[in-house]
Amino acid sequence: MFYVNKTTAIDVQVFHNIAVDEMGRPTGMADGFKPGDPLLHVASWLTTVTADDDQVLRTVWHIFNVGDDEEFGPTYAVALEYRLRGNRSLSKGDVVRIGLEHYSVDGNGFTRRSIADINYDTNSLSQPGSVRIGAVVTH
C-alpha cells in the first residue's frame, strides 16, 4: 500500500486506453491494459483527499463513472467537464496516475504499473468516447 503526503495537493491524471485490434475494435475494455497500449489524456484533477492511493483510486472511480450525476451524491466540476467533452466512463484497461504512480483499471480494482509499461499517445485528439483534455469540442 502506498500513502500520499497528507499535507499537499495530489495530482491525479486519467488516461483512456485507445488500443484497437486489426479490425479497429477497442481492446482495452475487453482484454484490460497491456504494456505499451496507447493512452489518451482525458482528465486532470488536483485534490487534497487525505488518504492512501487505494482510497484516492476509489474516489477517482466514483468521480469518472457517476460523479456527474446528482442521483449518486454531490457532483464534481471535473466530472461534469469530462462528460461535456463526450468522454465515456472510466473503464477496464484505462490508467490513473497519482503523482508519479500509475495504476491500470482492472475488472475488479487497480494494478500498479511500471513507467516502462506506459505509452502516452500525444498525436490523437480523440477516439469515440475519449476526448483529449483541452481539445475543442463541437456538438
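Values in this text are rule-based calculations from the coordinates and carry no lab data. Please read all numbers here as calculations on a predicted model, not as lab measurements. Note that each Cβ is placed from the backbone with ideal geometry, even for glycine, and that neighbours are counted across all protein chains shown.
In whole Hz and in residue order, list the ³J(HN,Hα) couplings for segment 19-35 that follow from phi through the Karplus curve 6.51 cos²θ - 1.76 cosθ + 1.60, θ = phi - 60°; x for Gly and Pro.
Per residue, the Karplus-derived 3J(HN,Hα) values read 5, 10, 8, 5, 9, x, 8, x, 10, x, 5, 7, 9, x, 5, 10, x Hz.
Fewest to most neighbouring Cβ within 10 Å: what's the order for Thr47, Thr8? Walk me through the intermediate numbers first.
Details: Thr47 18, Thr8 9.
With the fewest neighbours first, Thr47, Thr8 line up as Thr8, Thr47.
Pull out a ≥ b ≥ c, the square roots of the eigenvalues of the alpha-carbon gyration tensor of the chain, then state rounded if a/c is under 1.5, prolate if not and a/b is larger than b/c, and oblate in the remaining case. Can you show the working numbers first?
Values: a/c = 1.66, a/b = 1.18, b/c = 1.41.
Here the chain falls in the oblate category.
Do the sum for the chain: with -39,500 (n - 2.57) for every DSSP H run of n ≥ 4, divided by all residues, what is the mean residue ellipticity at 222 nm, to the nearest 500 deg cm²/dmol?
The per-residue figure over the chain is -5000 deg cm²/dmol.
What ³J(HN,Hα) values, in whole Hz, does the Karplus curve 6.51 cos²θ - 1.76 cosθ + 1.60 give for segment 110-116 when θ = phi - 60°, with x put for Gly and Pro?
9, 10, 5, 10, 7, 4, 5
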